[in-house]
Amino acid sequence: MTPKEQCEILLDYLLPFAEGQLKKHGEFFPFGAVLTMDDKVAATSYYDDNNDRPESKVVIENLVRGARNMDSEGKIKDSGIVWNASVTSPDGKPSDAIIVSLEHKDGYSVIVGRPYKIGLFKNVKFGDLFAMEGRHDIF
């Protein structure tokens, strides 16, 4: 499998979970997953014993740190981290979006986004996926 295909395995795991959390709770905390060297998907998260609602930035930083540690131990092929962000749609309007940052140890990195809008009765309407060059935060 190519690095892109391996990252798509994580996307197929992460995106539906984030969508489900939005439908159920109207929000989600940043979370992640990794693809281990034996091609198993493993969820990753961050928990602070002293703060049950840490800032998203802190959670993301700790998810990145955890993935870097797993990489330095030779345990993972790729990593995905998910968070919520505000984006500007192609028509220039602001929108909330699920953001998935995917990185592979062989240098592939992409950010995938899915705009959404929460309407009446927590009804969530999702827009089309978009993608852009990733950040290479982990590998």
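The values are calculated or read from the model by the stated rules, or taken from the named source; none is laboratory data. Note that this is a predicted model, so its numbers are computed, not measured. Counting neighbours? That spans all protein chains shown, and the Cβs are built from the backbone with ideal geometry, glycine included. Protein only, heavy atoms only, side chains kept; ligands, DNA and RNA dropped before computing areas. Shrake-Rupley method; radii C 1.70, N 1.55, O 1.52, S 1.80 Å.
Values computed for the structure shown
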| quantity | calculated |
| --- | --- |
| Of the criteria (1) touching a residue at least 60 places away in the same chain (Cβ under 8 Å); (2) not in a helix (DSSP H, G or I), which one residue 111 fails | (1) |
| Residue within segment 64-71 that is among the basic types (Lys, Arg) and farther than 16 Å from residue 6 by Cβ present | yes |
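For (1) open to solvent by 90 Å² or more (accessible area, probe 1.4 Å); (2) touching an Asp or Glu at 6+ places or on another chain (Cβ under 9 Å); (3) closer than 13 Å to residue 19 by Cβ; (4) not in a strand (DSSP E or B), each residue gets a yes or a no:
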site	(1), (2), (3), (4)
92	no, no, no, yes
115	no, yes, yes, no
121	yes, no, no, yes
125	yes, no, yes, no
135	yes, yes, no, yes
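Residues checked against (1) without any contact (Cβ under 8 Å) to a residue 12 or more places away in the chain; (2) over 13 Å from the mean Cα position of the chain (by Cα); (3) part of a helix (DSSP H, G or I):
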site	(1), (2), (3)
5	yes, yes, yes
13	no, no, yes
22	no, yes, yes
39	no, yes, no
61	yes, no, yes
79	no, no, no
